[in-house]
Amino acid sequence: MSSFADSIGQPLAGTRSRPSTGATATALARRLEKVVHACLLTAVFAVPMMSACLQEFGNLLFVGSSLLMGLCWAVQQVLEPRKGSAASGAEVIALAAIGLVCLQQVPLPPDVLAHLAPFTRDTLTLWGTPEGRVLGGHPWQTISLTPALTRSGLVLLIAYVIFFFTLVQTIRTAGDIDRLLRLLAISVTVMAVLALGQLFVGNGLFLWMFEHPFRTASWPAKGAFSNQNHLAHFLALGIGPLIWWWHQSGRTDGHVMRGSTSTNGFGMTRTTEGHRRLLGVAIALVMLTGLLTFSRGGLLAIGAATLMAVSMVHRDWRRLLKLAIPVTIFVALGVGLFGTGYLQQKWNAVRQAGSVQELLQGRFALWSAIGDALPSFKAAGSGLGSHAEIYPTWMERDFGVRFSHAESGYLQVLLELGIPGFVLLLAGVLLLAFWAVSAWWGKDRAMTARTTALAAGLVVSVLHSVMDFVWYIPGCMIMTLVIAACLCRCHQLSREAARLPAGTARVRWPQILAWLIIVISVPVGQVSADVVLRDANSAYDWNNYRKHSIRARDASSYQSLDSLDERLDAIIMHLENCLQHDPEDYRAAADLSAMYLRRFERHQSTAKNPMSVREIRNTVRSVEFDSHQELAEWLKRAFGHPAADLYRTLKLARRAVQGQPMRGETYLVLAQVGFVMGLTDEEEDKLLEQALKLRPYSAAVLFVSGLTQAEKGDLESAMVHWQQAFRLDAAMRPMIVKGLVPYVSASEFIEKLNPGPDGLWLMYTEYRALEKTEAQETVANWYARNFEHFASDPSVERGRFFWQRSHDLFEFIGRSRQALACLKLAVKQTPHDYDLRKMLALELLETGSTDDATRQLEWCQVRMPDDVQIIEALKQIEGKSRSRGDR
């Protein structure tokens, strides 16, 4: 096949100083090849470094590098056609996956959608009905329940596909595979050195510069990843290439080389003993870093990959021992010096767990919820990237965290892409296995060694994904794709060497691929730029919002929102910035609507005539304004400019549910402020019903639903909702208690809600604040009657607060002996707490236990010599001793 350059023609006469068109094309092709290599280096080295605090920027960098890499290779291939990889079979899987994700975003007719997404028909029942006019007046139309997130996932998927197929085409010889193996080995070593550096000379920030909203770069080792499990997986992917490099370091054409060093091209062909030792040090550093992650699954992955990789040197045991013994000693010393405490914690957690389910209870509860959800999405999935919005509908237990991923790559694919996506995943795994077996059984021993090193990483990826979501981490996925591309070429080159037609490289397929990339580069580039640029621009404000909200949540409760109010203005500012950069960030829209409502309530709490939103709604309903304009003018006169927050809340809540309809909490917000657009009681009730369908295990949704039922006079139904909320969420309990104790007797409260020791304490303190002594006695007596059960119940946490609260309750009803016993146990739990010791000393003195009281008082005096109560108590004991002595 003639080249494109040859078809241009000869240069014009008289222009000898000008290079020929063919020469120009060749020079351009060489420059483009350098750009391809630069993009590859960027993807392998730079993108993983952004996995913790700069993940959106890392995605932007990878997508840009991948598209540029593909386009440069395509133009180079057109200018200077070369033989490359034949079609491998992965093309069908990739195109089918892209087509499936595209289908999830296309508006479909109701009949088709009901067949492919029955959950939408059965659960989003308010959409497209007159009662659901606040939602837009039309039914939900796409398979994906999070179209914006699915679009972001599609962009990343296309980038992965272009990166993989371009890389496959750039690998022409076994030497290219060797260079990529060395590249992976260097990348994993750099990451290990970074992780150790952050541990021992770090400042808690990732890369010494970036703060994560809720994690630090200190113990355990995390490297550039926010999760130690992902660092361990990254190391497991690279340990095979690193061991392969060490194995090959002393060999050239099968003969061991000793002495001098020589180089040939980009990679080394002969190395000195010092080079081999340097690689041994790198292996030791990677192993030590892996152990210091203290990741159970990660350690198993590293161990499995190492065992597979060392199998390539099974005939050279002496050389292997020279590596294994010093590496083992180095790693053991490192763990002994720096990681003993964490290792003991992990071991104790495993040893004390009664079962695997107990050890991984959060994962098992999540997997159970996903298992319940799967029948609703088996036909076509819930939408790529939708997991975090879907699982709460089936999650019966609140662990206080938001599971951003399914903790299992297979389950997440099955949920988000349905059975078709899962079949494509299995087809990809089987294709990789076929490549590995085909290359491994070849006659070329060098190719067998390469295949072993590569297969080690892929086996780890396939197995570790059962218990983690490493496929959803771009820094890890890039390494996996490089390994897969190398393995594909190992298979093809092996077959080519054996003169089998399936592995023959041709110009035709690379040319087709090149023109395909060129044709789609503009539309794909536009969509990708639109998505990833918006994600990257909003990432800074989103992370700052998360940081403020997490700190506010940790420092406050539903009963007191002071900590949230202190940060409220900063939170609103960051969320507004997120929406300014990315109008389709529906997570930010949902959260900002709630923050606007909270800001209005904060203003009302300090106003001259404070009214809650519910009271304002009832007032509006009783007045019956003639128009929305008249209502808006009244709200402005009555509440000033802050009244605009009610309209902001309504606008953003509507936008949020129209973009991501699964957030039940946002329907609650709509129900609260819907009166400003004239929603009726029936419409509000329908919104609450929709919220309950989507979040049946949300304590907030259940609590608000209970309030609505109580307002209508149906206290029995309200109690059912509040009982569920009380059981599900400990943070909601103070609010439920505070809301009910003024209106419900203590006996009825206990009978209906079965509050347990923490709930009884909340009731006691609330009745104490209301000065209801009789109710306090009821609660304390009930507690005393059930104390033995609480003290033996394994689900009750019996720490310092349990014993101290038990002491106070027993003391209130005059059971001094039990109260003193509980106080002693509280001191035993926290022996260095001065206030508890002082309380115990004074009570011992009152009961006449002079010797015990003296020991406690002397302990307190050493720490607080100026405490007047301690001095007086000691003087009292001394006076009693003298009186007894005089007698």
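Some notes on this structure:
- Summed over segment 38-53, the residues that are in contact (Cβ under 8 Å) with a residue 60 or more places away in the chain and buried (at least 17 other Cβ atoms within 10 Å of the Cβ) give a count of 10.
- Selection status of residue 247, under 21 Å from residue 45 (Cβ atoms), buried (at least 17 other Cβ atoms within 10 Å of the Cβ) and either small (Gly, Ala, Ser) or at pLDDT 65 or above (or both): no
- Residues in segment 646-659 that are under 32 Å from the mean Cα position of the chain (by Cα) and open to solvent by 10 Å² or more (accessible area, probe 1.4 Å) were compared, and the one that is farthest from residue 121 (Cα to Cα) is 648.
- Checking the stated criteria, residue 173 turns out to be over 25 Å from residue 418 (Cβ atoms) and open to solvent by 30 Å² or more (accessible area, probe 1.4 Å).
- With respect to (1) without any contact (Cβ under 8 Å) to a residue 24 or more places away in the chain; (2) of a type outside the set (Asp, Glu); (3) under 25 Å from residue 760 (Cα atoms); (4) open to solvent by less than 60 Å² (accessible area, probe 1.4 Å), the lone exception for residue 825 is condition (4).
- Flag if residue 635 is touching a helix residue (DSSP H, G or I) at 6+ places or on another chain (Cβ under 6 Å), more than 29 Å from residue 527 (Cα to Cα) and aliphatic (A, V, I, L, M): yes
- Here residue 486 fulfils each of the conditions (1) more than 29 Å from residue 147 (Cβ to Cβ); (2) outside any helix (DSSP H, G or I); (3) in contact with a Leu (Cβ under 7 Å, 6 or more places away or on another chain); (4) not β-branched (Val, Ile, Thr) apart from (2).
- Conditions (1) modelled with pLDDT under 80; (2) touching a Gly at 6+ places or on another chain (Cβ under 9 Å); (3) open to solvent by less than 20 Å² (accessible area, probe 1.4 Å): number failed by residue 212: (2)
- Counting the residues of segment 458-473 that are in a helix (DSSP H, G or I) and either in contact with a Pro (Cβ under 6 Å, 6 or more places away or on another chain) or open to solvent by less than 10 Å² (accessible area, probe 1.4 Å) (or both) gives 3.
- So residue 78, is it surrounded by fewer than 21 Cβ atoms within 10 Å (Cβ to Cβ), in a helix (DSSP H, G or I) and more than 33 Å from the chain's Cα centre (by Cα): yes
- From the options 687, 740, 694, 679, residue that is touching a residue at least 24 places away in the same chain (Cβ under 8 Å), over 33 Å from the mean Cα position of the chain (by Cα) and open to solvent by less than 40 Å² (accessible area, probe 1.4 Å): 679
- Residue in segment 524-534 that is closer than 17 Å to residue 149 by Cβ, at pLDDT 75 or above, in contact with a Cys (Cβ under 9 Å, 6 or more places away or on another chain) and open to solvent by 30 Å² or more (accessible area, probe 1.4 Å) present: no
- Once segment 157-216 is narrowed to residues that are in contact with an Asp or Glu (Cβ under 9 Å, 6 or more places away or on another chain) and not hydrophobic (A, V, I, L, M, F, W, C), the residue that is nearest to residue 490 (Cα to Cα) is 170.
- Search result, residues across segment 751-775 that are of a type outside the set (Asp, Glu), over 17 Å from residue 801 (Cβ atoms) and open to solvent by 10 Å² or more (accessible area, probe 1.4 Å): 752, 754, 769, 770, 772, 773, 775
- Within segment 373-416, the set of residues being aliphatic (A, V, I, L, M), part of a helix (DSSP H, G or I) and farther than 28 Å from residue 730 by Cα comprises 374, 411, 413, 414, 415.
- Against the conditions (1) buried (at least 19 other Cβ atoms within 10 Å of the Cβ); (2) within 22 Å of the chain's Cα centre (by Cα); (3) modelled with pLDDT of 90 or more, residue 409 satisfies every one except (3).
- Taking the criterion of being of a type in the set (Ser, Thr, Tyr) and either within 19 Å of residue 853 (Cβ to Cβ) or assigned to a helix (DSSP H, G or I) (or both), the residues of segment 794-829 that qualify are 806, 816.
- Single unsatisfied condition, residue 420 versus (1) touching a residue at least 12 places away in the same chain (Cβ under 8 Å); (2) in contact with a Ser or Thr (Cβ under 9 Å, 6 or more places away or on another chain); (3) not aliphatic (A, V, I, L, M): (2)
- From the list 139, 118, the lone residue that is under 19 Å from residue 421 (Cβ atoms), open to solvent by 30 Å² or more (accessible area, probe 1.4 Å) and not hydrophobic (A, V, I, L, M, F, W, C) is 118.
- Some residue of segment 558-576 being open to solvent by 50 Å² or more (accessible area, probe 1.4 Å), closer than 25 Å to residue 158 by Cβ and at pLDDT below 75: no
- Residue within segment 190-201 that is over 25 Å from the mean Cα position of the chain (by Cα) and not β-branched (Val, Ile, Thr) present: yes
- Candidate set: segment 389-404, residues that are open to solvent by less than 40 Å² (accessible area, probe 1.4 Å) and touching a residue at least 60 places away in the same chain (Cβ under 8 Å); chosen: the one nearest to the chain's Cα centre (by Cα): 389
- Number of the condition not met by residue 279 [criteria: (1) open to solvent by less than 60 Å² (accessible area, probe 1.4 Å); (2) closer than 24 Å to residue 58 by Cβ; (3) modelled with pLDDT under 80]: (2)
- Qualifying positions in segment 121-136 - crowded, with 20+ Cβ neighbours inside 10 Å and of a type in the set (S, T, N, Q): none
- For segment 256-276, the set of residues classified as surrounded by fewer than 18 Cβ atoms within 10 Å (Cβ to Cβ) and either assigned to a helix (DSSP H, G or I) or modelled with pLDDT of 80 or more (or both) consists of 273, 274, 275, listed by residue number.
- Only one of 717, 705 that is closer than 19 Å to residue 612 by Cβ, of a type in the set (S, T, N, Q) and without any contact (Cβ under 8 Å) to a residue 60 or more places away in the chain: 705
- Selection count, segment 757-771, where residues are among the hydroxyl-bearing types (Ser, Thr, Tyr) and touching a Leu at 6+ places or on another chain (Cβ under 9 Å): 1
- Pairs, first part of a loop (DSSP other than H, G, I, E, B) in segment 137-153, second aromatic (Phe, Trp, Tyr), C-beta under 7 Å, six or more apart: 139/127; 140/127
The values are calculated or read from the model by the stated rules, or taken from the named source; none is laboratory data. The shown structure was predicted, so the numbers you read here are calculated from the model rather than taken from an experiment. With ideal geometry, Cβ positions are generated from the backbone for all residues, glycine too; neighbour counts draw on all protein chains shown. For the accessible areas, the whole protein counts, side chains as well, though only heavy atoms, and no ligand, DNA or RNA atoms are used. Shrake-Rupley method; radii C 1.70, N 1.55, O 1.52, S 1.80 Å.
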